[in-house]
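FYI, it's all coordinate maths here, none of it is from the lab. This is a predicted model, so every value here is computed, not measured. Cβ placement follows ideal geometry from the backbone for every residue including glycine, while neighbour counts extend to all protein chains displayed.
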Amino acid sequence: MANPTSRLTAALDRAAEGGRITPEEALELYRDAPLHALGQAADAVRRRRYAGRENLATYIIERNINYTNVCVTACKFCAFYAPPKSEAGWERDLEEILRRCGETVELGGTQIMFQGGHHPDHGVEYYERMFSEIKKAYPELVIHSLGASEVAHMSKVSEVSPEEAVRRIHEAGLDSFAGAGAELLPERPRKAIAPLKESGERWLEIMEIAHNLGVESTTTMLMGTGETNAERIEHLRMIRDVQDRTGGFRAFIPYTYQPENNALKGRTQATSLEYLRLIALARIFLDNVAHIQGSWLTTGKELGQLTLHYGADDLGSVMLEENVVSSAGAKHRSNLPELIELIRGSDRVPAQRNTTYEILRVHDDPAHDPVDEKVVSHLSSTVDSGEGIRKRRSLKVLPTAG
């Protein structure tokens, strides 16, 4: 029987050469492989996949618009939501949503994400109206939003199947799903942090339905809420199995739990090394997912920069607005010139992409870099600004079940 070191080396060499590793090998590599060897193998996988453009690292300009904080799921890691009967609840009106979309276009943004609570009144019709009005006013904007959890909720509110819900919001203007609500897919950690959400299996079933209807998505993972190493690898296995069938996941985006103002109270968190190892392992293990994104927003700019040496090919976005992880303590900010310089500082050529990862422009000459610092993350905050907000007392709120 091969000794552990030779087994790890053989698995890393096979992955670097384009071979597939098993979940058992993935767990052993995640736990025991030397960090630099793991990173080198992941970078070799990235370079092979992107031969001819392996010198590039991409980013996108987008806006995450929060449309309501009213939510019935009460996830323990969330610092953003308000219960349906709380006076702290609010809802963004359509006029203000459209204003923010227009501002995004003016600042060079190409993508809109929507993130909000599972409001007891928001069925399929709510999203149909919102998406159709945005597309009517700003057809150039890509609506990359929501995830299987929102589909499960809106289907229940409107008493329709997930298939019908996906079809209707796609026809209204949704271009792709952002993979929201994946959190942790294995049963034990999911029940521990989000007991009122659908199961991880159901989340994946709805994503598979969407993929089969021609609606692609990204997929995510929340690290640091008390899950085991084995459960992290199981999360990746569950994603890879669905991807083998559908090919609909464009990217994998792990991010870290933020410890402030939520029920978990920061009792457990992922370390920087755990995050780097997960990025590298994901690039090695998810051989059927095209892109791996490093999250500077939750881990910090320096660690985000390091992910580009550990298999990531994308550094996410200049997010013009974000309030969900910020409410839980994520304080990292950036602007366009700084994000470009972060990428260049990793010995990569920065390139702006769109939602489908097509390259829009390459910043190969620093003399021609954009200097407009108005394109800055957290340009505005739903929480700080009262514009376009209807408070809970002016809403019709349905009683929650049970």
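What to note about this one:
- Using θ = phi - 60° and Karplus 6.51 cos²θ - 1.76 cosθ + 1.60, couplings along the stretch 222-236 (whole Hz; Gly, Pro as x): 9, 9, x, 9, x, 6, 8, 4, 4, 6, 5, 5, 4, 4, 5
- Environment charge at residue 158 (Cβ cut-off 13 Å; Lys +1, Arg +1, Asp -1, Glu -1): -3
- Residues with amide H under 5 Å from that of residue 335, placed H, sequence gap 5 or more: 377
- Remark on the stretch 27-71: ratio of C-alpha radius of gyration to 2.2 N^0.38 Å is 1.92.
- Derived scalar couplings ³J(HN,Hα) [the stretch 129-142; Karplus, 6.51 cos²θ - 1.76 cosθ + 1.60; whole Hz; x for Gly, Pro]: 5, 4, 5, 5, 5, 5, 5, 5, 7, 9, x, 6, 7, 8
- For the stretch 1-124, the fraction of C-alpha pairs more than 27 angstrom apart is 54%.
- The relative contact order of the stretch 147-200, computed from alpha carbon pairs under 8 Å that lie at least 6 residues apart in sequence, is 40 percent.
- Loop GluC sites (Glu not before Pro), the stretch 1-97 (other Cβ atoms within 10 Å of the site Cβ: 16 or fewer; DSSP): 17, 54, 87
- The stretch 128-207 and the stretch 342-361: distance between their alpha carbon centers, rounded to Å: 28 Å
- Using the Cβ of residue 174 as centre and a radius below 12 Å, the other residues enclosed give a net charge of -2, where K and R count +1 and D and E count -1.
- Cβ-based charge dipole, the stretch 50-177, positive-most Cα from 83, 111, 130: 83
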